[in-house]
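The values are calculated or read from the model by the stated rules, or taken from the named source; none is laboratory data. Please read all numbers here as calculations on a predicted model, not as lab measurements. Note that we place each Cβ from the backbone using ideal geometry, even for glycine, and neighbour counts take in every protein chain shown. Note: areas computed on protein heavy atoms with side chains; ligands, DNA, RNA excluded. Shrake-Rupley method; radii C 1.70, N 1.55, O 1.52, S 1.80 Å.
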Amino acid sequence: MPLDANHALLVIQQQLKELDAIYRDTMQMSLNTVVGTERVAKWRVRTVSLLAESVGEKAAQDFGRLQPGMVFTNLVDCFRVPLSALAKQISQTAQRPADGGS
């Protein structure tokens, strides 16, 4: 099944919004990084599943193998950076002509 770049980008953007919301809630509202870490773990499982459906199994496996640091902010950045890079890669790939410009 070919990649639907628009759908994949929407999924990634939604997951980035959810991750940012978890970060904001944890750092500005509750200040409970243990609960924030648990929320990120649940978010990660859901994100791997969504990536498998929308981007492909390889991207999902690569994302699932990420090993975050122990500090909550590092945990969030460990997932935000590669997810943003994946969105950029998909966007650039979608903008290229399918026939190589001929």
inquiry  = If R₀ is 30 angstrom, what is the calculated FRET efficiency for the pair residue 46 and residue 88, using the beta carbon separation as r and rounding to 0.05?
reply    = 0.90
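Mind checking the dipole of the chain: about its Cα centre, +1 per Lys or Arg Cβ, -1 per Asp or Glu Cβ, Debye to the nearest 20? Display every interim value, and only then the final one.
Values: 11 positive and 10 negative charges, 33 e Å.
That gives a dipole near 160 debye.
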inquiry  = I want to verify a result. In a Gaussian network model of the chain, Cα cutoff 10 Å, which of these has the top mean-square fluctuation: 49, 30, 84?
reply    = 30
query = Taking Cα pairs under 8 Å and at least six residues apart, what relative contact order does the chain come out at, in percent?
reply = 34 percent
remark   = Largest-first ranking of 37, 26 by accessible area, probe 1.4 Å, whole protein assembly kept, is 37, 26
query = Let a ≥ b ≥ c be the square roots of the eigenvalues of the Cα gyration tensor of segment 39-93; is it rounded (a/c under 1.5), or, if not, prolate (a/b larger than b/c) or oblate?
reply = oblate
query = Taking residue 58 as the anchor, which aspartates and glutamates have their alpha carbon closer than 20 Å to its alpha carbon, excluding any fewer than eight residues away along the same chain?
reply = 4
inquiry  = Just to check I understand the Karplus step: with θ = phi - 60° and J = 6.51 cos²θ - 1.76 cosθ + 1.60, what whole-Hz values come out for segment 48-54, glycine and proline as x?
reply    = 4, 4, 5, 5, 4, 6, 9
FRET efficiency, 1/(1 + (r/R0)^6) with R0 25 Å, evaluated for residue 67 and residue 31 via beta carbons = 0.50
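Give me the orientation-averaged projected area of the Cα convex hull of the chain, in nm², one decimal.
On the way: hull surface 26.5 nm².
Approximately 6.6 nm², given one-decimal rounding.
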ask   = Given a 1.4 Å probe, how much area per residue of the chain is accessible, in Å²?
value = 65 Å²
message = Rounded, prolate or oblate, given the Cα gyration tensor of segment 21-70, with a/c below 1.5 counting as rounded?
response = prolate
